[in-house]
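Here's the structure, in structure tokens; my notes come after.
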Amino acid sequence: MSLRPHYVRTLVLLALALLGTAPPLSAGVLGFGAPKDTDVNVVVDMTEAGRKVAPPTKEKPAFYFPVLAGYREAGSLVAGEKTPPQNNVAKLLAKALAAQHYYVMGTTTTVPTVILVFHWGYMNPQIDDTGDDENRQQIFWNQKEMLALVAGNTVKNVGAFGSDRDNILQNMRDDRYFVIVSAYDFEAGRGKKKVLLWQAKMSTPSNRVSLAEVIPSMITAGGPRFGRETRLPESVTAPLAKEGKVDIGNAVVVPDAPDKAKQPEPAKK
């Protein structure tokens with residue numbers, strides 16, 4: 001089990017407070033007064049095949065076949081981590097996608113153009129110190145994976161210096177919750193070819209919040225960017241849901257789907 005940075009800092013401050021050498025402890029440090037929002041890092045990578053496909057509109061919506069890949073854990077394990085029910089997450093994603101004119105395929109009259117694969121969970125950096133005090137070095141075992149989560153293909157647009165680079169370096173060292181939506185070409189999939197069109201990656205620091213609280217926040221932040229490439233990672237401040245409550249909020253207006261046919265249950269991968 002790994003202790004998150006926030007908990008380590010709290011333990012240190014408590015120890016110092018007992019010795020009379022620490023500043024007064026605030027309610028926020030001790031975990032009281034829960035945060036009301038979170039900063040969500042959003043990256044949407046587009047492939048060459050994806051750039052040839054116009055984003056859907058009200059007049060020309062896109063229909064998709066959903067695949068629930070489900071919960072994933074990567075990096076140092078956290079004891080007691082819980083994930084919201086898959087159906088709740090699927091409903092949140094479907095609502096956010098419908099606002100961008102992506103609709104779940106109908107059972108009879110619609111032919112999907114994309115397969116959307118959804119998965120969520122947490123990814124924590126795995127960093128070890130090696131060597132003695134004079135020759136201490138760090139090994140970042142999953143640096144590639146953390147960089148892909150917080151920067152993706154946008155890393156090529158980031159300069160050697162500046163705030164964008166600093167933010168990426170900081171974000172890739174944070175324990176993070178994530179939601180990832182991957183879009184694949186449906187026709188290619190029928191021919192047993194895996195053609196990725198775009199991938200949206202939403203993540204946020206996992207200290208002081210639960211996955212159930214931040215999944216709606218991440219989906220709210222990423223929704224308007226689904227299927228639209230980001231040049232650089234974008235930071236979006238999104239409100240937190242109350243523990244266990246699944247609701248995107250009033251900001252997302254969802255039109256009626258063009259196809260009124262009964263919609264199938266999402267597939268499970």
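A few remarks follow.
- Exposure proxy order (Cβ contacts within 10 Å, fewest to most) of Ser182, Ser206, Ser235: Ser235, Ser182, Ser206
- For the range 35-268, radius of gyration divided by Kirkwood radius, i.e. Rg to Rh on alpha-carbons: 0.99
- Equivalent ellipsoid semi-axes - Cα gyration tensor, the range 78-193, angstrom: 37, 18, 14
- For the pair the range 201-233 and the range 99-178, the centres of their Cα atoms are 11 angstrom apart.
- For the listed peptides 58-64, 216-222, a ranking on the average number of other beta carbons within 10 Å per residue, highest first, reads 216-222, 58-64.
- Beta bridges from DSSP with both residues in the range 35-268: antiparallel share about 70 percent, rounded to the nearest 5.
- Residue-span extension gain [Ile139 to Thr237] - 0.36 nm each, minus C-alpha spacing: 32.1 nm
- When each of Lys36/Lys60; Lys95/Lys192; Lys60/Lys91; Lys82/Lys192 is checked by Cα-Cα distance, pairs over 32 Å: Lys36/Lys60; Lys82/Lys192
- Checking the Cα-Cα distances for Lys58/Lys201; Lys156/Lys201; Lys144/Lys201 against a 19 Å cut-off, the pairs over it are Lys58/Lys201.
Bear in mind these aren't lab numbers, they're just calculated from the coordinates by the rules spelled out. Predicted model only: the values in this text are computed from it and were never measured. Every residue, glycine as well, gets a Cβ built from its backbone with ideal geometry; the counts of neighbours run over all protein chains shown.
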